[in-house]
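The values are calculated or read from the model by the stated rules, or taken from the named source; none is laboratory data. Remember, it's a predicted structure, so these values are computed and weren't measured experimentally. Using ideal geometry, Cβ is built from the backbone for each residue, glycine included, and neighbour counts are taken over all protein chains shown. Note: areas computed on protein heavy atoms with side chains; ligands, DNA, RNA excluded. Shrake-Rupley method; radii C 1.70, N 1.55, O 1.52, S 1.80 Å.
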Amino acid sequence: MERIYFDNAATTPLDPRVLEAMMPYLTTHFGNPSSIYSYGRESRLAIETARKKIAGILHANPGEIFFTSGGTESSNTAIIAAVRDLHCKKILTSAIEHHATMHTVEHLARTGEVSLEYIPLLPDGHIDIGALEQLLIGSPEKCLVTLMHANNEIGNITDIQTVGRLCEKYNAVFHSDTVQTVGHFPFNLHELPVHFITGAAHKFHGPKGTGILYVSDKIKISPLVHGGSQERNMRAGTENVAGIVGFARALELATEQYEEDSKYIRSLKEYMMSELQARIPSVSFNGDPSGQSLYTVLSVQLPRSDKSEMLLFNLDINNICASGGSACTSGADAGSHVIRGLGKHEDGVTVRFSFSRSNTKEEVDRVIGILQTIM
């Protein structure tokens, strides 16, 4: 029986066209981009061409795009720079952020570098924008607001245009973890009031280990990683040339296919929701799945029972790949901090299904059929 892969929010399969673009930089064009001879110049040209392509798609300036190892490094760099270089003394965030943000801000609070406050959530898991404004109004200290554009577990999308305007109004720095949305939605960073965003190639059929950090040219920060002059003195270490080329090609393909892919993937999510409601008693969904939500993610809440406690294990036995939350926490006994943050941790068992253009309705039918037998 072939495996069904419904965990695309964790990572996506590499597109063969992306691999094709990367291959020359894994074989013949192997030069270190810091070298001055022809092999090095070939690699340097590939990096700068990729940077310009990514900047063009995101409507940013090439000088605002920095290559990293992924979303976690990008978020760490942005948050630490906001505190140490931009002099933010208070961080405002939510209880359902990705651990790349959550653990970083908690560390900074423990070391006494900042104070930390959590923005209240509405019952559907969205940020309470009114409460955020009150926190900004009431802070005598410069704030960093760090909120993810779309939650990786429940799919809720935050209106970062509105958040960004509030940050402008109250002189706050705004960082948004956009790992789940870069490559899935169009961006215009010339018009979006944000200081930092992040991206990871493997979330949209690119290679693992390659990310970007957008740093608005309105601010200046110091590097997180020292030891070399790469990335215009912003990130030391020999660049992942093949990965950078792959990021650009994957983003290019995702942009070209956005209308078609997003419509198709959304139809899979909606079909699964309707079929689950029709076939699984007492099923419910976390977050705001029919509203402001990722078209790629569906967080399902199933009634707790002896069988459902082993749900992910039984799905795996049946060759179905899904998760209980994010890939970073799916193996942890503590469960999902996002679901706890929604106050639903006692109500049932959560499984996240996340989709890509390679999934089918037939796979959805098979998954629901197996759920009926193991619940």
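Figure legend. Inter-residue proximity from the stretch 157-171: first residues at positive phi, second residues modelled with pLDDT of 95 or more and not in a helix (DSSP H, G or I), beta-carbon distance below 9 Å, spacing 6+ or different chains. Indicated pairs: Asn171/Lys142; Asn171/Cys143. Among the criteria (1) part of a helix (DSSP H, G or I); (2) closer than 30 Å to Val300 by Cα; (3) among the charged types (D, E, K, R), the one Glu2 does not fulfil is (1).
From the list Ser262, Ser274, the lone residue that is among the polar types (S, T, N, Q), under 17 Å from the mean Cα position of the chain (by Cα) and open to solvent by less than 60 Å² (accessible area, probe 1.4 Å) is Ser262. Filtering the stretch 100-130 to residues that are in a helix (DSSP H, G or I) and crowded, with 16+ Cβ neighbours inside 10 Å leaves Ala100, Thr101, Met102, Thr104, Val105, Leu108. Consider the stretch 294-322 and keep the residues that are touching a strand residue (DSSP E or B) at 6+ places or on another chain (Cβ under 6 Å), crowded, with 21+ Cβ neighbours inside 10 Å and not hydrophobic (A, V, I, L, M, F, W, C). The one that is farthest from Val367 (Cα to Cα) is Thr296. The set of residues from the stretch 34-62 being in contact with a Lys or Arg (Cβ under 9 Å, 6 or more places away or on another chain), in a helix (DSSP H, G or I) and not basic (Lys, Arg) comprises Ala50, Pro62. For the stretch 34-46, indicate whether the set of residues that are among the hydrophobic types (A, V, I, L, M, F, W, C) and crowded, with 17+ Cβ neighbours inside 10 Å is non-empty. Taking every residue of the stretch 34-46 in turn, at least one turns out to be among the hydrophobic types (A, V, I, L, M, F, W, C) and crowded, with 17+ Cβ neighbours inside 10 Å. Tell me which residues, restricted to the stretch 222-236, are under 24 Å from the mean Cα position of the chain (by Cα) and surrounded by 14 or more Cβ atoms within 10 Å (Cβ to Cβ). Hits for the stretch 222-236 are Pro223, Leu224, Val225, Glu231, Met234, Arg235, Ala236.
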